[in-house]
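In what follows, a structure is listed as structure tokens, so that the remarks can point back to it.
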Amino acid sequence: MAAHICAAAPGGKRYDANQTVEQRRSADNGIWMCEDHAKIVDSEDPRYTVELLCQWKAHAHQASWRRVLREPTSAIAVIGEGELNDRLRAAVRADLEVFRRSDRWPSTAVPLQLQIEGIGEPVSPSALVTALTTLDDLVIVAPPGMGKTTALFQTAEAVLAAGSGAPILIPLGDWASDNVALLESVLKRHAYRELSAEDFRAVAAKPGVILLLDGWNELDAASRNRLTTQVKRLQGELPELRLVISTRRQALEVPVDCPRAELLPLARTQQVDIARALRGDGGVRMIDQARRMSGIRELITIPLYLKALLSLPEDAPLPTTKEALLRAFVASLERDPQRAQALADVVHGTHQRLLESLATSGTRTSSTTIADVVARRCVAEAEDALAREGQLTEKPQPDTVLDALVSHHALTRVREPPGYSFQHQQIQEWYASHFAERLILAAIGNAPARDRLMAEVLDQPQWEESILFSCERLARGTPADQDACAAAIVAAFEVDPMLAADMVFRATESVWARVATDIQRQVGRWHKSGTVDRAVRFMLTSGRPEFSELIWPLITHEKRDVRITVVRACRRFRPSVLGARAAERIAQMPAEVRKTFLSEMVHQSGIEGFDLATEVAKRDPEADVRAEVIDALAFRRADQHVAKLLRSADGKTWDLVARHDLLDEVSDEEMKAQLEEVRKRQAQHDLSLQARLRRIVHASGAADRNAEVTAIVAELEITKDGRQGIEWLLDEARTRYLHSVAEGLLKRVRAGNTLVYGAGDLLAAACFDLEDDELLRLALADTQRDERAEAAVSVLGPGALGQILDALIECRRRIRDESGAHNQAASDRYHELLNRLKRARSVNLLAAVQARSRTVSNPDIAVLANVISHLPQDGDGRRPFNEEGRAAIVELATAWGNRMLTRGDGTRYEMAALAELAARARAVDLLPLLKRLLDEELRQREAFRAEASRVGWSSCAKALDEARMSYSSHYRWAFEAINTPKTDALMREYLRDPEFGPEAAQVLVKQWETANEPRDKGFFGGWRDLLRLVEKRALRQRDPDASCNAADAIFGAIDELIAEGASEEQHKQAVALAVIGARLPHGRRDAVMKKLLHVAPRRSRANLLQSLVYSGKVIDVEVVKNGIAEVFEEAKTHAWILHERYNLSQWLDLLPFADRLDEAFPVIRDLPADQRRPGQLEEMITVGFPRYSGHF
């Protein structure tokens, strides 16, 4: 029966007053359960929360998809019989025939592969047939060129072939331009002329009709709204109607809530099948050759580029570089007569320059999306330049040009926010490379042009791929082009040696000959023998065999860590650096060293590494070496290389491969049969429990294996070496057998057997609520870091957890006796129990806390608040706080806070614990309470300061301790968690407060960054992600007046604090606020910054400059030089300053972000020898631009 998740009426279980009537009636608010369980979940038991039922529903949904995909014929819903149904199927077939004769139809029948969220194994469109007709809608997501339309056509064919439904494909771009209803757009087609809307609705009222909506991402906002309305109406009228929608990742707000399927890149077998279908054996040879070229093998995993390669004329040479393949792809677009004529009619053959202008603009701002207004300006500026050159006499309107480039070339339209992008980022980078190439050519013998090249392109990380494209093109051009390429490599070496190394690798032998002597000399000076340093990284990245004699001692080093580190020292290990005798020298390594190196090389390299490892392994006398290489190659999906090794493998190697399940699948039928034969033989003799479990997990069929899984998990032998493999296997098993895996783990807990890492998480996910004396004794065991005790806690119910809370409170009371003496044993015990309680299910722990909430004292309240606050954050999906839990926290915090404030007996520590508790609720209703607690905190601290000052700072230990102790950060965390406009308004009130002002500013900054910054921003060396700095600098240059409300509020307070007559303390507070607020967009505040830099002490001044850098500002090198000089001047009387590295490094780290960088080099050269050591300068080099390394 269907049960409500949130009750339909007030007073019902889990009633949500915020739901609309439609939401309560929606299928999303229902869960199918048997009658008994439906009654249980609506009982008074607090365990059955909204989140738990939704989790059950999600697990059941995934299990249904998994079952149907594994057994695709088990539940096919055949569309109804009868004359009307026959007519609809006939119309669908006729309609698909029309598509088949169009250029939209895929050129081959090779099935694509999709990865459905929550489902482990990839599936083909044919496997979706049963799921689509019986289970759910589906969204197919992929970048441009991956074959979304092809996947829909393949799905339609599979549905028709199975006789299970009527798939109707609707290109949404066509539908939008017709401005008609969705159903009308179908019925107006010739194939459907004999069917009426009533006929369609009659058939679609039953399962089997599927609408395949192609290209949601192509619709503008108005069309999306119109389609959403129509889809909702159709689904309401025809609940059995199924939808499959294709879109890009940038446009996921589709009108249905359903699973997503990602189109996967083409595997090698798919590439070969497509090549054979289009070009025969010659196509297969093209693929084999293309896969051996770095860059190209990645591109041909995308169907669009693979077909571009295969469309080359018979007599055309195969591209040997990624740049050449992209050039061939562009040429294939422009060879189409219709495209060429349409472009000529609008842009008169100038599309190359126009696209270069757009690509250069996007690359400069590190963006793949070019805003609408920026795109129009780029087109207008390019047209002006073309007109000045006499290439264009009539300038078409920018919108007309952009429409033509979208319709007939590689540009695409982005709807939200309005703008444009290229079909693939690499196409943008290829067009931008022509701008880089012009700068490279102009820099020959021209110092100002060389400086521009270094500053605008070589020094900007986002230009890397465009630089490499231009390098590939020039290196294969005229002798003058090769000279320019060599000069660009030398310039890049001064700016970023790793970029120069990549350029060397992508260039030709003739270009390398021009720079080899100088570069080898400088790298040799740079390298310290026996260490994996940046010089080694350069050598590996360059791939030059001239460095082999410096690399081999590291690869054969006696320490395993060194051997592994050298292979992993660069983004892609290039075996060419090993020299011509690489295979012979590897074969001479000791077996264990050889096995590790070959495996690491396969994992860290490309096709060249696969070839070399396969060549060595085929001749290797050790079976375990061969098996290790096969395992690594299989992981990298190098199927052809695996096949080569298996064809020459002996019986021992086959045994190892089969026993350790090193191959999940084998495409070669002969080898597949041999592998199965070996597995059958092993199964008859000595199949391990681990192998049995893996087979159960990967087996198809719906047989009940739960009891077997539980028994295996309980008895598995977990060793130190094999522990990680078992952890991965159990993680796979939980998707199908969660409760069985958990039961087996619980048996291990009771028996005292070794547990896997994360056993508590798996147990918590199974939602046990046990009141078990044996497990409680285990959870309370007086041991340290006891994984069994932690696992036991994760399955205990509220009653047992309450007893652990009582023990925790008792420990807290014993940490200090009446004299104040510290009891270390009690403290250790307290923290051990607190750590164990983090493993408890939050709903049970909260219930245990609530049962004690009214009778506990203030110190005990602090303990209970800390217990809840220390639970893992919501990102831990196995123990999340649900809405009911957060409401309970609000109730606890309110009751406890009001009690303390009313009685006036709460200590600062106890009130701060409540602030941390409030952070877990994230409820705006707690803001008034937090304000009262904060005001009391500030009042008490000021009172303690006054008391300490009155009696003397060394006379009153309690007043002194309290005066020095700050709890401001606890309140800041709470306000940051409650991210609302009310919080913003409240924080503005505190900006001028000498104690909490900087904390309030941090809250404002955090709120702005949460709303405006990418969530995946990175950190390195204490600085924000360098690419974000590049973007911010570009944004600031484009609009130097841009500010934000948070910055305006902070600088408004700063203006008051530095006004005429302000005190020194106010100046300090103003500087502190500026350090926090200056990293936001803050417009032009040069006068304020100048004054703040004047009054700021040295360390705060460096922090303020760092914030300015992060906002995108280029700082004055003179200010940085003065700061460095001050450090050395102060060190004359306080020598310890230079021993604390931060005092100098915080200024050195600013140098890469200053203007007039030529003045930075003398500063570095003039440093004392101790301060010029590589370790001292490493952070400056890696955090800023790595330009300095070539100069020392």
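The values are calculated or read from the model by the stated rules, or taken from the named source; none is laboratory data. These numbers were taken from a predicted model, which means no experiment stands behind them. So basically every Cβ, Gly included, is an ideal-geometry build from the backbone, and we count neighbours across all protein chains shown.
Worth a mention:
- Evaluated against (1) farther than 28 Å from Ser857 by Cβ; (2) out of contact with any Pro (no Cβ under 9 Å at 6 or more places or on another chain), Asp769 falls short on exactly one condition, (2).
- Among residues of segment 1080-1106 that are in contact (Cβ under 8 Å) with a residue 12 or more places away in the chain and not assigned by TED's automatic domain parsing to the domain that holds Phe1051, none has a Cβ under 8 angstrom from a residue that is surrounded by 16 or more Cβ atoms within 10 Å (Cβ to Cβ) and in a helix (DSSP H, G or I) at a sequence gap of 6+ or on a separate chain.
- Note on segment 1062-1089: among residues that are within 16 Å of Ser1111 (Cβ to Cβ) and not hydrophobic (A, V, I, L, M, F, W, C), the one that is surrounded by the fewest Cβ atoms within 10 Å (Cβ to Cβ) is Asp1086.
- Filtering segment 829-871 to residues that are among the basic types (Lys, Arg) and closer than 12 Å to Trp896 by Cβ leaves Arg852, Arg854.
- Taken together, the residues in segment 749-776 that are free of Cβ contacts under 8 Å to residues at least 60 places away in the same chain, among the charged types (D, E, K, R) and in contact with a Leu (Cβ under 9 Å, 6 or more places away or on another chain) amount to 3.
- The set of residues from segment 387-405 being part of a helix (DSSP H, G or I) and of a type in the set (Lys, Arg) comprises just one member, Arg388.
- Qualifying residue in segment 507-520 (condition: crowded, with 16+ Cβ neighbours inside 10 Å, more than 30 Å from Val562 (Cβ to Cβ) and more than 37 Å from the chain's Cα centre (by Cα)): yes
- Residues of segment 752-783 classified as among the aliphatic types (A, V, I, L, M) and more than 22 Å from Ile804 (Cβ to Cβ), total: 1
- Unique residue being assigned to a helix (DSSP H, G or I) and in contact (Cβ under 8 Å) with a residue 12 or more places away in the chain when the list is Asp935, Asp925: Asp925
Okay, residues lined up against (1) crowded, with 18+ Cβ neighbours inside 10 Å; (2) touching a residue at least 60 places away in the same chain (Cβ under 8 Å):
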{"residue": "His822", "(1), (2)": "no, no"}
{"residue": "Val843", "(1), (2)": "yes, yes"}
{"residue": "Arg852", "(1), (2)": "no, no"}
{"residue": "Ile861", "(1), (2)": "yes, no"}
{"residue": "Ala895", "(1), (2)": "no, no"}
{"residue": "Met900", "(1), (2)": "yes, no"}
{"residue": "Gly904", "(1), (2)": "no, no"}
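- Of the residues contained in segment 283-299, one or more are found to be under 29 Å from the mean Cα position of the chain (by Cα), within 28 Å of Ser246 (Cβ to Cβ) and among the acidic types (Asp, Glu).
- Of everything in segment 335-356 that is in a loop (DSSP other than H, G, I, E, B) and closer than 17 Å to Gln397 by Cα, the residue that is nearest to the chain's Cα centre (by Cα) is Thr350.
- Here Ala385, Ala436, Ala410 are screened, and the one residue that is farther than 27 Å from Asp1039 by Cβ and not assigned by TED's automatic domain parsing to the domain that holds Ala221 is Ala410.
- Some residue of segment 149-159 being more than 29 Å from Leu411 (Cα to Cα), part of a helix (DSSP H, G or I), of a type in the set (A, V, I, L, M, F, W, C) and modelled with pLDDT of 80 or more: yes
- Inspection of segment 1038-1056 finds a residue satisfying the criterion of being part of a strand (DSSP E or B), small (Gly, Ala, Ser) and either touching a helix residue (DSSP H, G or I) at 6+ places or on another chain (Cβ under 9 Å) or modelled with pLDDT of 90 or more (or both).
- Matching entry among Glu774, Glu832, Glu810 (being part of a helix (DSSP H, G or I) and closer than 23 Å to Ala714 by Cβ): Glu774
- Selected residue [surrounded by 15 or more Cβ atoms within 10 Å (Cβ to Cβ), more than 29 Å from Pro418 (Cα to Cα) and touching a residue at least 60 places away in the same chain (Cβ under 8 Å)] from Ala191, Ala204: Ala191
Here is a yes/no grid of residues against (1) without any contact (Cβ under 8 Å) to a residue 40 or more places away in the chain; (2) surrounded by 22 or more Cβ atoms within 10 Å (Cβ to Cβ); (3) not in a helix (DSSP H, G or I):
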{"residue": "Ala711", "(1), (2), (3)": "yes, no, no"}
{"residue": "Glu732", "(1), (2), (3)": "no, no, no"}
{"residue": "Glu743", "(1), (2), (3)": "yes, no, no"}
{"residue": "Lys747", "(1), (2), (3)": "yes, no, no"}
{"residue": "Leu778", "(1), (2), (3)": "yes, no, no"}
{"residue": "Leu805", "(1), (2), (3)": "no, yes, no"}
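- Selection of helices (runs of 4 or more DSSP H) fully inside segment 514-621 by the criterion of at least 1 residues being charged (D, E, K, R), closer than 22 Å to Ala491 by Cα and modelled with pLDDT under 95 returns 534-542.
- Failed item in (1) over 34 Å from the mean Cα position of the chain (by Cα); (2) under 22 Å from Asn446 (Cα atoms); (3) part of a helix (DSSP H, G or I), with Gly477 passing the rest: (3)
- Subset tally (residues that are modelled with pLDDT of 90 or more and either buried (at least 23 other Cβ atoms within 10 Å of the Cβ) or of a type in the set (Val, Ile, Thr) (or both)) for segment 421-436: 7
- The residue that is nearest to the chain's Cα centre (by Cα), among those in segment 941-991 that are in a loop (DSSP other than H, G, I, E, B) and surrounded by 18 or more Cβ atoms within 10 Å (Cβ to Cβ), is Ile978.
- For beta carbons closer than 9 Å, sequence separation of 6+ or different chains, a first residue in segment 491-512 that is not assigned by TED's automatic domain parsing to the domain that holds Ala443 and a second that is in a helix (DSSP H, G or I), there are no qualifying pairs.
- Residue match in segment 159-176 (condition: farther than 17 Å from Ala91 by Cβ, among the small types (Gly, Ala, Ser) and surrounded by fewer than 17 Cβ atoms within 10 Å (Cβ to Cβ)): yes
- Every residue from segment 841-871 that is of a type in the set (A, V, I, L, M, F, W, C) and not in a helix (DSSP H, G or I): Val856, Leu871
- Of all residues in segment 449-461, those that are in a helix (DSSP H, G or I) and buried (at least 20 other Cβ atoms within 10 Å of the Cβ) total 5.
- Some residue of segment 1104-1120 being of a type in the set (Asp, Glu) and either closer than 25 Å to Glu1013 by Cβ or in contact with a Leu (Cβ under 6 Å, 6 or more places away or on another chain) (or both): no
- Options Arg637, Arg544; residue that is out of contact with any Pro (no Cβ under 6 Å at 6 or more places or on another chain), over 28 Å from Pro497 (Cβ atoms) and touching a residue at least 40 places away in the same chain (Cβ under 8 Å): Arg637
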